[in-house]
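Visitor: Can you read through this structure? Questions will come right after.
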Amino acid sequence: MSVSYKRIGSFKNPQALKEHLGELGLELPMDENILSAAQGSPLAQPCQVGSFTVGNRWCIHPMEGWDGTTDGKPTDYTYRRWERFGISGAKLIWGGEAFAVQPDGRANPNQLYYRPENVPYMRKLYQTLVDAHQKRFGRTDDLLVGLQLTHSGRFCRPHDKKKLEPRIVYHHPVLDKKFNIQPDDDSVVLTDDEIRSLIANYIVAAKMAQEIGFKFVDVKHCHGYLGHEFLSAYTRPGPYGGSFENRTRFLREICEGIRRECPGLMIGVRLSMFDRPPYHPDPTQGSGDKLGPGIPDEHKHALPYSGFGCDRQDPLQPDLTETVQLLKLMRDELKIELVNFSAGSPYYNPHIQRPAFFPPSDGYQPPEDPAVGCVRQIEFARRLKEAVPGLPMVGSAYTYFQEFVPNIGQAVVRNEWIDFIGLGRMVLSYPDLPADCIEAGQFRQPKLICRTFSDCTTAPRNGILSGCYPLDDFYKDSAEFEQLKEAKKALRERLKVINQG
């Protein structure tokens with residue numbers, strides 16, 4: 001199977017990209033030129049978040065490198081990444097990376113996590129970012145830095161990178177099967193008492209964040225992790241499942257505790273706007289050393305489907321009704337200061353969550369032009385901002401547009417589709433992109449633009465540190481790059497055998 005989608009790099013100018021989107025039945029606002037701050041770029045304008053004035057409209061998404069110590073401390077790799085966040089020029093740093101509130105909630109054995117002994121190291125990590133920003137830009141009074149608090153739930157791997165040790169909110173007939181959870185094994189289901197203990201740990205971690213200097217914490221509700229799973233716990237009995245009130249109790253009780261124990265600390269939520277069932281490679285379409293395009297797992301037996309933000313009778317179709325309801329709860333009752341949108345999960349439908357021309361080496365080929373997935377997220381964020389005004393919002397799925405990110409970002413911010421343009425993978429390869437756009441209105445280092453090669457995902461899936469191996473010389477010259485090449489080579493050979501069979 002050969003992917004025939006056009007690469008973004010093949011379009012010579014914004015008009016050519018607009019015409020391509022038109023051929024796909026899509027439309028995005030897009031400026032002809034990149035504007036600097038001196039030229040009045042919308043991305044250089046301040047934005048009010050709670051009582052804080054953020055200096056511009058660029059945001060860096062949380063990105064962990066699977067490179068902490070096994071007892072939850074940062075390493076030189078971690079410090080380097082956060083330093084690069086600091087020099088990026090973005091004035092909103094969303095969470096830095098996922099920080100587990102307790103050790104069994106880690107998604108990998110090298111994830112940062114809370115324990116009292118780690119507090120000085122987290123303080124140093126925070127200060128590394130702030131000092132780098134101060135040195136590069138001369139001020140930090142308009143820099144808003146948060147910490148993302150998480151429990152990985154169904155995707156916990158606290159002791160072995162290859163061994164899931166799940167803790168789930170409820171048994172999901174489709175996801176349980178996909179991730180080898182026995183439907184009668186209730187030992188993996190969190191009890192109400194365990195949930196209350198976990199909530200207390202979120203509050204302890206939030207207190208640590210505030211004492212260090214973070215100005216907000218993100219109570220993570222995206223990508224199939226534990227917070228996100230609560231939102232779809234329709235079948236769980238008791239106070240944390242069933243009704244909308246119960247399914248949002250986890251979030252509400254964490255927020256109430258943070259407000260009580262951490263006055264002045266702002267709260268953000270990274271949220272998957274909608275979900276879909278899992279996908280898998282079409283076994284009839286693989287060829288050579290590539291898997292086939294993604295197709296949905298069988299899910300008709302699981303209707304009404306337990307998924308947040310999708311039609312429960314037809315979960316391949318989004319339904320934002322409860323997403324709007326949740327955002328209104330955040331704005332009106334919980335007084336959440338800011339929201340960061342994503343969609344789906346990297347574990348079971350990555351083309352929905354993070355569209356890429358080149359999927360991870362063990363992933364399925366994109367079942368749709370990746371531009372479709374990007375526009376879907378941008379358009380749905382627009383609808384949500386229109387439905388729930390007055391709540392600052394960060395958008396995702398921009399990196400795939402590569403050299404046209406600022407052209408699109410300027411236009412959607414000017415048109416009030418979104419408040420902040422979020423970048424993830426792009427900053428691993430090209431951390432200075434926001435600063436270059438704001439200062440010069442151009443890419444000073446165009447060779448560093450992320451082309452979505454997905455090695456930053458392939459590496460950790462093979463137990464290797466995450467980083468931009470194709471474009472960042474720091475990783476390209478590392479021993480880990482050789483390990484990655486060997487892992488990819490071995491996988492290609494296995495796929496050839498599978499596809500020949």
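The values are calculated or read from the model by the stated rules, or taken from the named source; none is laboratory data. Quantities reported herein were computed from a predicted structural model and do not represent experimental measurements. Here the Cβ is made from the backbone with ideal geometry for all residues, glycine too, and neighbour counts use every protein chain on show.
Visitor: Only one of D319, D275 is surrounded by 16 or more Cβ atoms within 10 Å (Cβ to Cβ), more than 28 Å from T191 (Cβ to Cβ) and modelled with pLDDT of 95 or more; which?
Guide: D319
Visitor: Name the residue that is farthest from R270 (Cα to Cα), counting only residues in the range 406-450 that are within 17 Å of the chain's Cα centre (by Cα) and assigned to a helix (DSSP H, G or I).
Guide: Within the range 406-450, the match that is farthest from R270 (Cα to Cα) is S429.
Visitor: Let me ask something additional. Looking only at the range 370-405, count how many residues are without any contact (Cβ under 8 Å) to a residue 12 or more places away in the chain and part of a loop (DSSP other than H, G, I, E, B). Working first, answer last.
Guide: Step one: of the range 370-405, the residues without any contact (Cβ under 8 Å) to a residue 12 or more places away in the chain are 379, 386, 389.
From what's left, part of a loop (DSSP other than H, G, I, E, B): 389.
Count: 1.
Visitor: Collect the residues in the range 392-427 that are aliphatic (A, V, I, L, M) and surrounded by fewer than 20 Cβ atoms within 10 Å (Cβ to Cβ), keeping them in residue-number order.
Guide: If the condition is that a residue be aliphatic (A, V, I, L, M) and surrounded by fewer than 20 Cβ atoms within 10 Å (Cβ to Cβ), then A411 is the only one that fits.
Visitor: Now a separate question. Looking only at the range 211-268, filter to residues that are within 27 Å of C310 (Cα to Cα) and aromatic (F, W, Y); which one of those is surrounded by the most Cβ atoms within 10 Å (Cβ to Cβ)?
Guide: F250
Visitor: Under 8 Å between Cβ atoms, which residue pairs at least 6 apart in sequence (or on different chains) link something in the range 140-163 that is closer than 15 Å to K220 by Cα with a partner that is surrounded by fewer than 20 Cβ atoms within 10 Å (Cβ to Cβ) and of a type in the set (D, E, K, R)?
Guide: C156/D104; C156/E165
Visitor: Please name all residue pairs, on different chains or six or more residues apart, with Cβ atoms under 7 Å, provided the first residue is in the range 290-301 and is loosely packed, with under 15 Cβ neighbours inside 10 Å and the second residue is among the hydroxyl-bearing types (S, T, Y).
Guide: none
Visitor: Quick check on V119: is it under 15 Å from I60 (Cβ atoms) and touching a residue at least 60 places away in the same chain (Cβ under 8 Å)? Give the steps one after another, and end with the answer.
Guide: Values: under 15 Å from I60 (Cβ atoms): no; touching a residue at least 60 places away in the same chain (Cβ under 8 Å): yes.
For V119, the condition - under 15 Å from I60 (Cβ atoms) and touching a residue at least 60 places away in the same chain (Cβ under 8 Å) - is not met.
Visitor: Quick check on my filter: what residues within the range 67-95 are at pLDDT 95 or above, crowded, with 22+ Cβ neighbours inside 10 Å and either closer than 19 Å to C222 by Cβ or among the aromatic types (F, W, Y) (or both)?
Guide: Of everything in the range 67-95, those that are at pLDDT 95 or above, crowded, with 22+ Cβ neighbours inside 10 Å and either closer than 19 Å to C222 by Cβ or among the aromatic types (F, W, Y) (or both) turn out to be W82, F85, L92, I93, W94.
Visitor: Also, quick follow-up: Only one of S342, S306 is out of contact with any strand residue (DSSP E or B) (no Cβ under 8 Å at 6 or more places or on another chain), among the polar types (S, T, N, Q) and crowded, with 16+ Cβ neighbours inside 10 Å; which? Before you say what the answer is, go through the steps one by one.
Guide: Details: S342 fails: out of contact with any strand residue (DSSP E or B) (no Cβ under 8 Å at 6 or more places or on another chain).
S306 is the lone residue from the list that is out of contact with any strand residue (DSSP E or B) (no Cβ under 8 Å at 6 or more places or on another chain), among the polar types (S, T, N, Q) and crowded, with 16+ Cβ neighbours inside 10 Å.
Visitor: So which residues in the range 278-291 are modelled with pLDDT of 95 or more and either aromatic (F, W, Y) or more than 28 Å from the chain's Cα centre (by Cα) (or both)?
Guide: The one that is modelled with pLDDT of 95 or more and either aromatic (F, W, Y) or more than 28 Å from the chain's Cα centre (by Cα) (or both): Y279.
Visitor: In this structure, is H159 farther than 15 Å from T69 by Cα, modelled with pLDDT of 95 or more and in a loop (DSSP other than H, G, I, E, B)? Talk me through it step by step, then tell me what you get.
Guide: Numbers: farther than 15 Å from T69 by Cα: no; modelled with pLDDT of 95 or more: yes; in a loop (DSSP other than H, G, I, E, B): yes.
It is false that H159 is farther than 15 Å from T69 by Cα, modelled with pLDDT of 95 or more and in a loop (DSSP other than H, G, I, E, B).
Visitor: Give the number of residues within the range 174-230 that are of a type in the set (S, T, Y) and either assigned to a loop (DSSP other than H, G, I, E, B) or under 20 Å from the mean Cα position of the chain (by Cα) (or both). Full working, then the answer.
Guide: Looking only at the range 174-230, we keep the residues that are of a type in the set (S, T, Y), and these are 187, 191, 197, 202, 225.
Among the residues that remain, those that are also either assigned to a loop (DSSP other than H, G, I, E, B) or under 20 Å from the mean Cα position of the chain (by Cα) (or both) are: 191, 202, 225.
Result for the range 174-230: 3.
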